[in-house]
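The structure appears right after this line, and notes come after that.
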Amino acid sequence: MVITKEHIWKILEEVPDPEIPVLSVLDLGIVRDVKFLDNEGIEVIITPTYSGCPAMDMIAVNIKSVLQEKGIHPVRVTSVLHPAWTTEWMTEEGRRKLKDYGIAPPVKGSFDKGALFASERTVECPQCNSSDTRMVSQFGSTPCKALYQCNSCKEPFDYFKCH
Ligand SMILES: [Zn+2]
């Protein structure tokens, strides 16, 4: 069987994000490119959601093992930090999955200076869709999330933020 880039991309759909397993690395938009290397093997180029993200080593390991299970090896995973990942790279499907999982997806257009304008950002409650919410803590269960609470249904929820 001839392996094409399309096969590789298809397989990468099965690689979950270690922190939010309902999202694949493609949903997150962190896979930038797939290349065939001259001396056999492939290279997968990823951009971390933020530099120093502890989940990235895990993601590289997951990418390699999922591809190897399909008989594709050797696999080299390269991190590229520029241009920096933004939440805009997340797919629509990824945003939907995130919300179904109970995490508010990043607000569009909020990718530039998240922390500075955090108080002005309107985050919709993933439970009841109310926009009457408030931030409880800049840091949620992981550094990728902030903790919010909905004023309508009173439920706390995580908001997926940028860095
Ligand atoms: Zn709510």
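The values are calculated or read from the model by the stated rules, or taken from the named source; none is laboratory data. All values reported here derive from a predicted model rather than from experimental measurement. Backbone-built Cβ (ideal geometry, glycine too); neighbour counts: all protein chains shown. These area figures cover heavy atoms from the full protein model, side chains too; ligands, DNA and RNA do not enter into them. Shrake-Rupley method; radii C 1.70, N 1.55, O 1.52, S 1.80 Å.
Observations on the structure shown:
- Conditions (1) under 25 Å from LYS161 (Cβ atoms); (2) at pLDDT 95 or above: number failed by LEU28: (2)
- When THR87, THR78 are screened for being modelled with pLDDT under 90 and either under 18 Å from the mean Cα position of the chain (by Cα) or open to solvent by less than 50 Å² (accessible area, probe 1.4 Å) (or both), only THR87 passes.
- Condition met for LEU28 (in contact with an Asp or Glu (Cβ under 6 Å, 6 or more places away or on another chain) and crowded, with 19+ Cβ neighbours inside 10 Å): yes
- Conditions (1) under 27 Å from PRO126 (Cβ atoms); (2) modelled with pLDDT under 90; (3) not polar (S, T, N, Q); number of the one not met by GLU40: (1)
- Matching residues in the stretch 31-51 - criterion: being open to solvent by 70 Å² or more (accessible area, probe 1.4 Å) and either on the phi > 0 side of the Ramachandran plot or not in a strand (DSSP E or B) (or both): ASP38, ASN39, GLU40, SER51
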